[in-house]
Amino acid sequence: MNRPNTDPPPRGATDALRDRAARRLAGVSERIRRLALDLHRIPERGSEELLTVTRLSGELEEEGFAVQAGLGGLPTAFRAERRLGPGGPVIGLLAEFDAIPGLGHAAGHNLICAAAWGAAVTLAELAGSCGGTVVVVGAPAEETFGGKVVLARRGLLDDLDAALLAHPWDAHRVAPRTVASWSFEVRFAGRPAHAVAAPERGVDALDAMIRLFVARDELVGRLGEDVSMPGVILEGGVRPNVVPERARARFSLRAPSAQSLVEQVVPRFRDLVAAIADRTGVEAEVHPIDNLYEEMRPNPVLAELWCRHAREAGIESASDDGRPIGSLDIGVLSRRVPSLHPLFAIAPAPLATHTREFAEAAATPQALDATVGAASLLVATAVDLLADPGLMRRVREAHERASGASWSAPAVPLVTEVPDP
């Protein structure tokens with residue numbers, strides 16, 4: 001990591017940086033809106049965000065960023081870097097841009113991307129006026145295998161002094177609670193037979209899968225309300241008069257922490273699959289289809305900065321009701337680098353993500369205005385870090401305290417491709 005300068009600039013110099021950044025942001029605000037709308041019109045699923053990445057890379061290069069394509073061996077991951085001056089911290093702005101198949105930008109990743117781009121080109125205006133480096137990380141496939149998990153595990157973001165990402169929601173929240181997740185595909189192989197003339201000669205793979213879903217509910221009840229295992233059946237036979245030879249389903253296993261997920265939930269689930277297979281006579285396979293998403297660890301100093309700037313902008317964050325917002329692939333990175341993942345409101349509550357209604361909301365004038373606002377908060381937080389070495393030290397110290405005796409995830413092969421449907 002780059003070390004910050006030893007002394008903060010005088011207050012007048014910091015104010016000058018803020019004023020310069022504010023003018024630049026006002027100048028690119030319409031481009032932020034246009035980018036968000038254009039990406040909304042061309043939703044691309046994970047690892048296929050080629051049009052999005054081509055546009056982002058080109059525009060960032062025009063703004064003086066050096067772009068490294070294919071980061072970490074992922075075809076649509078990239079790193080765009082602009083050095084502002086010697087020394088100073090490395091500030092990472094994380095851009096997600098994948099859509100959800102069948103729903104489009106129902107998680108609002110077009111807005112995440114536009115906010116990160118807008119903040120980056122705004123901060124680039126400060127080149128020559130302060131030390132530090134601005135990095136845009138193009139992270140694909142957040143909704144599938146988790147691009148940020150791959151980049152973090154491969155150590156490609158370890159030089160960041162802070163990682164920032166602003167996510168659209170139906171309320172403003174600074175440090176929302178998340179849970180760990182890991183998804184698996186279960187395949188049962190049976191034996192076909194005529195379902196009426198000789199059903200006893202068959203082994204019903206679909207029956208085994210239905211039994212697994214029923215037993216799954218019982219297992220969740222025993223593990224506690226903080227554990228969930230949502231699942232879908234992808235394959236379960238071809239005709240009702242043929243005993244299903246094959247059944248296939250996917251489950252997303254969730255728990256409050258990655259440690260409890262790996263050490264307790266996943267083994268119990270695997271044991272359950274094996275027991276169902278033994279009881280019904282099918283052959284079973286279980287394999288991961290994404291990477292382990294660890295629970296998010298927000299940096300309290302970064303959260304404090306974001307909160308202060310939000311209040312100055314007239315934004316009050318909603319109180320945390322304790323319910324998790326889901327799982328995030330930034331969770332792994334937050335253990336290695338001081339990170340923040342605030343939510344910004346694009347519509348009145350309640351409005352659930354991963355719905356067609358949220359996808360529609362992600363292209364409204366209110367959402368576009370909110371995205372410009374989120375970019376301004378990203379900029380304000382980054383300027384603080386660039387201008388004040390003491391503040392950057394507090395961020396690092398808070399991160400190190402939280403990382404003291406942290407649990408280490410098991411070394412397992414990384415998933416780097418979106419699994420076939």
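No lab work stands behind these numbers, since they all come straight from the coordinates. Just so it is clear, the model here is predicted, and its values are computed rather than measured. Cβ placement follows ideal geometry from the backbone for every residue including glycine, while neighbour counts extend to all protein chains displayed.
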Euclidean distance of C-alpha centroids, the stretch 319-335 and the stretch 46-119, integer Å: 21 Å
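In the stretch 252-402, what is the volume of the convex hull around the alpha carbon atoms, normalised per residue and reported in Å³?
Numbers: hull volume 23.7 nm³, N = 151.
About 157 Å³ per residue, rounded to a whole number.
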Contact order relative to length of the chain, as percent, for alpha carbon pairs under 8 angstrom and 6 or more apart: 23 percent
Per residue, the convex hull enclosing the Cα atoms of the stretch 18-96 spans a volume in Å³ of 110 Å³
How would you order 226-239, 49-62, 140-153, 384-397 from highest to lowest mean count of nearby Cβ atoms within 10 Å? 140-153, 384-397, 49-62, 226-239
What's the Cα-based Rg to Rh of the stretch 362-421, Rh via Kirkwood? 1.20
Projected onto the charge dipole of the stretch 180-288 (+1 at Lys/Arg Cβ, -1 at Asp/Glu Cβ, origin at the Cα centre), which of Ala195, Ala249, Phe213 gives the Cα projection farthest towards the positive end? Ala195
Do the sum for the chain: with -39,500 (n - 2.57) for every DSSP H run of n ≥ 4, divided by all residues, what is the mean residue ellipticity at 222 nm, to the nearest 500 deg cm²/dmol? -12500 deg cm²/dmol
P(r) over all Cα-Cα pairs of the stretch 139-207, 10 Å bins from 0 to the longest distance, whole percent per bin, short to long, reads 13, 26, 21, 12, 15, 11, 2
May I ask for the angle, rounded to the nearest 10°, between helix 109-124 and the longest principal axis of the chain, with both axes built from Cα atoms and the value confined to 0 to 90°? 20 degrees
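For the chain, take the convex hull of the Cα atoms, compute a quarter of its surface area, and give me that in nm², please. Before the final figure, lay out the partial values.
Details: hull surface 83.0 nm².
Taking a quarter of the hull surface, the average projection is 20.8 nm².
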Helix 50-62 sits off the longest principal axis of the Cα atoms of the chain, rounded to the nearest 10 on a 0 to 90 degree scale, by 10 degrees
If one takes the longest principal axis of the Cα atoms in the chain, at what angle in degrees, from 0 to 90 and to the nearest 10, does the Cα axis of helix 300-312 lie? 60 degrees
Rank Ala166, Ile100, Leu37 by how far each Cα sits towards the positive end of the charge dipole of the chain (+1 on Lys, Arg Cβ; -1 on Asp, Glu Cβ) and give me just the farthest. Ala166
Suppose R0 equals 41 Å; then what is the FRET efficiency for Ile233 and Ser319 from their Cβ-Cβ distance, rounded to the nearest 0.05? 0.60
Once the Cβ-Cβ distance between Arg177 and Ala197 is put in as r, and R0 is 45 Å, what FRET efficiency do you end up with, to the nearest 0.05? 0.25
Kirkwood Rh (inverse of mean 1/r, distinct Cα pairs), the stretch 180-288, angstrom: 14.3 Å
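Which percent, to the nearest 5, of DSSP beta bridges fully inside the chain are antiparallel?
On the way: 37 of 53 bridges.
Antiparallel bridges: around 70 percent, rounded to the nearest 5.
Taking 8 Å as the Cα distance limit and 6 or more residues as the minimum spacing, I'd like the relative contact order of the stretch 191-279 as a percentage. Show your work: numbers first, answer last.
On the way: 126 pairs, mean separation 28.4, N = 89.
With pairs under 8 Å counted, the relative contact order is 32 percent.
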Sparsely packed GluC sites (Glu not before Pro) within the stretch 269-337, loop by DSSP, other Cβ within 10 Å at most 11: Glu316
